[in-house]
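Working notes, structure below.
The values are calculated or read from the model by the stated rules, or taken from the named source; none is laboratory data. This structure is a prediction, so every number in the text was calculated from the model and none was measured. Cβ atoms come from the backbone with ideal geometry, glycine included; neighbour counts cover every protein chain shown. All accessible areas refer to the heavy atoms of the entire protein, side chains included, with ligands and DNA or RNA removed. Shrake-Rupley method; radii C 1.70, N 1.55, O 1.52, S 1.80 Å.
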Amino acid sequence: MQIRKLARHKINDNKWNQCINQAENSRIYALSWYLDAVTDKQWDALVLDNYHAVMPLPYARKLGVKFYTQPIFCQQLGPFWQGNLLKNMMEEFIHAIPKRPYMLSLNAETGRYIHKSHSTFKTNYILPLGKSYQEMIKCMSNNHKRNIKKAEKKELIYNEISISNYIDFKKSSGTQLNKESWKRLENLLSEAKTHHILDLRAAFLNEKLVSAVCWLNDGNRLVYLQAASNEMGKKSAAAFGLVDEVLKEHTESDMLIDFEGSENSGVARFYQGFNAKNEAFPLIKSKSMQMIQKWRGK
C-alpha cells in the first residue's frame, strides 16, 4: 500500500472522479471540478496506489503560511475508497497528511473508523424520502405543518431562476460573503449547471421573488446547498413551501435530502422540523492547528 501526495496539476481527473463516483462514501464535494470551483484550484491530494482511494487536501495561505482547511461551500471531504476499506487505511491517510497545520472535515462514513477521542463531531441533517408524502407530513413538527399550510394559502408560485438572479437575490436579502466567496459561489453554480446537477428554485408572491434555494443533485442525495428569503418570504413561509415542493416530487424514492448542518440553532430547528436526522461527521485538527486556535482564544 503506497500513499502519494500529489499537487493539483499532477492529478488524473478521470481516475480521480471515477474513484469518487464509485466510492462507498461518495460525495459531490470531492469531485475534481467541484474542488476547483470552491478553491480556485488550490488543493493537493493523497492517492493510494492507482486511485484505489483518495483524499483531497484543500489549502489556503495566510501570512505566507500554507495550511489545509475546509473551503467554503464544501461540507465533507476526507478519504474516499472503492471496494472494501483496507485495514488501518483511515489511520494511514491521516498520518500521511503533510506536517503542516490542518483542520479538515471528513465525510460521515469515516466516523465509523475514527476514534471519537481523536476528533470533534459536527451535525449534518438528512431526510430519507422513502415514505409516502402523507407519512412525511405526519412525522414533521406541528410548527412545520402549520408553515406548509401557510405557504399553500399564500398561493406562492414556484419556478426555476437563473444563476445571476439567484445571486442578486441572495445579496439583496442580506447574505454576507466577501468578494472572493461570491466569486466562488458563482463559479460553483456555473460548473454545477454545466454538469446538469443544478436546480435553482424560487418562490414568487404577487410576481415578486421572495425566497430561493439551491439544490445539487448528488446521485441519491439532494444537497440543500444555499438558501435565502427576504421579509416577504419569511412572512409567507416560502422556505417551507420550497422544501415541500421537493418532497412532493421525490417521496417514495431511494433519494434523501441532505440539508447539511448548521451551528445556528434556528437553522438547525428548520432542518429538524422536517424530521431530518443527524448524520454526524468528524472534524480533525492537527496539534499545530489546535495550538494556534488555543493561542487565539477560540
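Shape class of segment 1-41 from the Cα gyration tensor (axes a ≥ b ≥ c, square roots of the eigenvalues): oblate, since a/c reaches 1.5 or more and a/b does not exceed b/c.
Placing a label point 7 Å from the Cα of SER164 along the Cα-to-Cβ line, the residues of segment 200-226 whose backbone N sits under 19 Å from it are 200-202, 209. Need the C-alpha centroid separation for segment 205-272 versus segment 95-174, integer Å. What the calculation gives is 8 Å, centre to centre. Largest first and in whole Å, the equivalent-ellipsoid semi-axes of the chain read 35, 21, 19, each the square root of five times a Cα gyration tensor eigenvalue. For segment 176-267, rounded, prolate or oblate, judged on the Cα gyration tensor with a ≥ b ≥ c (square roots of eigenvalues), a/c < 1.5 rounded, else prolate if a/b > b/c? Taking the square roots of the gyration eigenvalues as a ≥ b ≥ c, segment 176-267 is rounded. Of all aspartates and glutamates in the structure, the ones whose alpha carbon falls short of 12 Å from that of LYS5, not counting any fewer than 8 places away in one chain, are ASP44, ASP49.
Modelled label positions at LYS131 and GLU207, each set 7 Å beyond Cα in the direction of Cβ, lie 4.0 nm from each other.
When a 1.4 Å probe is rolled over the protein heavy atoms, the share of accessible surface on segment 1-121 that falls to carbon and sulfur comes to 48 percent. Calculated [222 nm] ellipticity per residue, helices only, for the chain: -10500 deg cm²/dmol; basis is -39500 (n - 2.57) per DSSP H run with n ≥ 4, divided by all residues, nearest 500.
For the cross-link pairs LYS41/LYS170; LYS62/LYS234; LYS15/LYS179, the ones whose C-alpha atoms lie over 29 Å apart are LYS62/LYS234; LYS15/LYS179. A 1.4 Å probe run over the protein chains yields, for the chain, 51 Å² of accessible area per residue, whole-number rounding.
Solvent-accessible area of ARG61, all protein chains in place: 150 Å² (probe radius 1.4 Å, heavy atoms, ligands and nucleic acids excluded).
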